[in-house]
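One structure is given here, and the rest of the page talks about it.
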Amino acid sequence: MNSRYEILMLTIPEISQDDIKNVETLLGDTIAKAGGLVISFERWGKYQLAYPVKKNEYGVYYLMRFEVPPSAVTDLISAIKTVFAIRLGNVVMRFIITALELDAPLTYQRPRSLEETPLRENVGNHMHKERKFPYDRSYGTNNNQLESDDIAI
């Protein structure tokens, strides 16, 4: 029975499609040489970081999951760390390798990335909606008819 792992990578915000294909290929080849199998490679999206990493305020996250025979785990993890240090150090700012349980589901509840989040100008537009009040202050008349979205003061 194979062991299941994942690698969460934080890349530079301006990573190109060619760069990410190179990352996927290098890691996939390294895993295949150890007798493993890549399960998935996902782009999580661009996020603002809590603190600058290598002078970057933003980063793009990628998640790779793979299975590998237990006998090859130690050598594979060492080889992956070497690939990150030597070949991918200019595009991958941080990474973490985590062991997964075989019966655990392969789904995550992750926060929305900057590409998925509405623009700041669109957030809260419902708060700027013109409100109608029961008392029209401009004419001094009392309007007793309220619509369903009106607020009575």
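Just so it is clear, none of the values below were taken in a lab; they were calculated from the coordinates. What you see is a predicted model, and the numbers here were worked out from it, not measured in a lab.
Explain nothing, just compute: Karplus ³J(HN,Hα) = 6.51 cos²θ - 1.76 cosθ + 1.60, θ = phi - 60°, for every residue of segment 33-40 in order, whole Hz, x for Gly and Pro.
Using θ = phi - 60°, the values come out as 4, 8, x, x, 9, 6, 8, 7 Hz.
Can you check what the Kirkwood hydrodynamic radius comes to for segment 3-100, Cα pairs only, in Å to one decimal?
Result for segment 3-100 stands at 13.6 Å.
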